[in-house]
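Colleague: Quick one: structure below, then a few questions.
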Amino acid sequence: MAALLHPHANHLLAALPPDEWARWQAHLELVDLPLGTVIYESGRVLGHVYFPADAIVSLLYVMENGASAEIAVVGNEGVVGISLFMGGGSTPSRAVVQSAGKGWRFAANRIKEEFNRSGPVMHLMLRYTQALITQMAQTAVCNRHHTLDQQLCRWLLLSLDRLQGNELHMTQELIANMLGVRREGVTESALQLQSQGLIRYSRGHIQVLDRPGLERRTCECYAVVKREYDRLLPDLQAT
């Protein structure tokens, strides 16, 4: 647990060169990220960016009738709040903690200053942003063309990549909200995966028993996203 409290538990922070890290470390603030916490709302100006350590944050689009669907997940590989350094200041999406944990936050004015230096920070954040855009685009394709079983496998694998171990604490209702489907559909798909020995599900607790089996069952979308993260952020894979 002590290792998770160090900012280098987040791979982007760990990838900062020494000079940048020397400027950053005094201004990073460790924060709790409880399940369900809304980090930012649609249209609101962001005050900080967040670098998750052992938490996962879902980026969601919420419709006028309250329906929602996940467009991307961010964990220890990334940062929440790219609109701050991309120049927008706000975004039409919502960021919600889907798996509780801790993270590090960095003030809006400081991330802008670091990005505008046009050095290693800018290049690192731009590569991460391209990888995130790929995940968003692939999620849209997946939701349109692939089965719920495949979407659930993709979602489980992306979440596991951002956590230690093989367990998730997640209710079927929350998964349904993330995928933008009915809870009954998630229940049926989860039972199918359980009957095949791929997962064990009980009262909001999901244990992945056969990760290679999940990878075989999912669609190509998971592999596309993972390859792009590995290609654009190779230094992060060794941290």
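The values are calculated or read from the model by the stated rules, or taken from the named source; none is laboratory data. Here the structure is a predicted model, which is why all the values come from computation and not from measurement. Ideal geometry is used to build each Cβ from the backbone, glycine not excepted, and the neighbour counts take in all protein chains shown.
Colleague: Quick check on the range 66-78. Is at least one of its residues under 27 Å from Glu167 (Cα atoms), in a helix (DSSP H, G or I) and not aliphatic (A, V, I, L, M)?
Modeller: no
Colleague: Separate question: In the range 28-77, what residues are aromatic (Phe, Trp, Tyr) and farther than 24 Å from Arg183 by Cα?
Modeller: Those that are aromatic (Phe, Trp, Tyr) and farther than 24 Å from Arg183 by Cα: Tyr40, Tyr50, Phe51.
Colleague: Output the number of residues of the range 40-57 satisfying the condition of being among the hydrophobic types (A, V, I, L, M, F, W, C) and assigned to a loop (DSSP other than H, G, I, E, B). Write out each step before concluding.
Modeller: Narrowing the range 40-57 to residues among the hydrophobic types (A, V, I, L, M, F, W, C): 45-46, 49, 51, 53, 55-57.
Still in the list and also assigned to a loop (DSSP other than H, G, I, E, B): 45-46, 53, 55.
So the answer is 4.
Colleague: Sticking with this one: Scanning for something surrounded by 14 or more Cβ atoms within 10 Å (Cβ to Cβ), in contact with a helix residue (DSSP H, G or I) (Cβ under 8 Å, 6 or more places away or on another chain), among the hydrophobic types (A, V, I, L, M, F, W, C) and under 30 Å from Ala15 (Cα atoms), does the range 184-200 turn up at least one residue?
Modeller: No, the range 184-200 contains no residue that is surrounded by 14 or more Cβ atoms within 10 Å (Cβ to Cβ), in contact with a helix residue (DSSP H, G or I) (Cβ under 8 Å, 6 or more places away or on another chain), among the hydrophobic types (A, V, I, L, M, F, W, C) and under 30 Å from Ala15 (Cα atoms).
Colleague: Only one of (1) in a helix (DSSP H, G or I); (2) farther than 16 Å from Leu214 by Cα; (3) of a type in the set (Gly, Ala, Ser) is not met by Ser118, so which one is it?
Modeller: Looking at each condition in turn, Ser118 falls short on (1).
Colleague: Filter the range 27-54 down to residues that are over 14 Å from Gly81 (Cβ atoms) and within 13 Å of the chain's Cα centre (by Cα) and give me whichever is surrounded by the most Cβ atoms within 10 Å (Cβ to Cβ).
Modeller: The extreme case among them is Ala53.
Colleague: Just to verify a result, which residue in the range 89-134, among those that are among the basic types (Lys, Arg) and in contact with a helix residue (DSSP H, G or I) (Cβ under 8 Å, 6 or more places away or on another chain), is surrounded by the most Cβ atoms within 10 Å (Cβ to Cβ)?
Modeller: Here the residue is Arg127.
Colleague: Can you tell me which residue in the range 205-239 is nearest to Gln130 (Cα to Cα), limited to those that are at pLDDT below 90 and surrounded by 14 or more Cβ atoms within 10 Å (Cβ to Cβ)?
Modeller: The selected residue is Leu233.
Colleague: Related question: Could you check Gly78 against (1) modelled with pLDDT of 90 or more; (2) over 20 Å from Ala100 (Cβ atoms) and say which number it fails?
Modeller: Failing condition for Gly78: (2).
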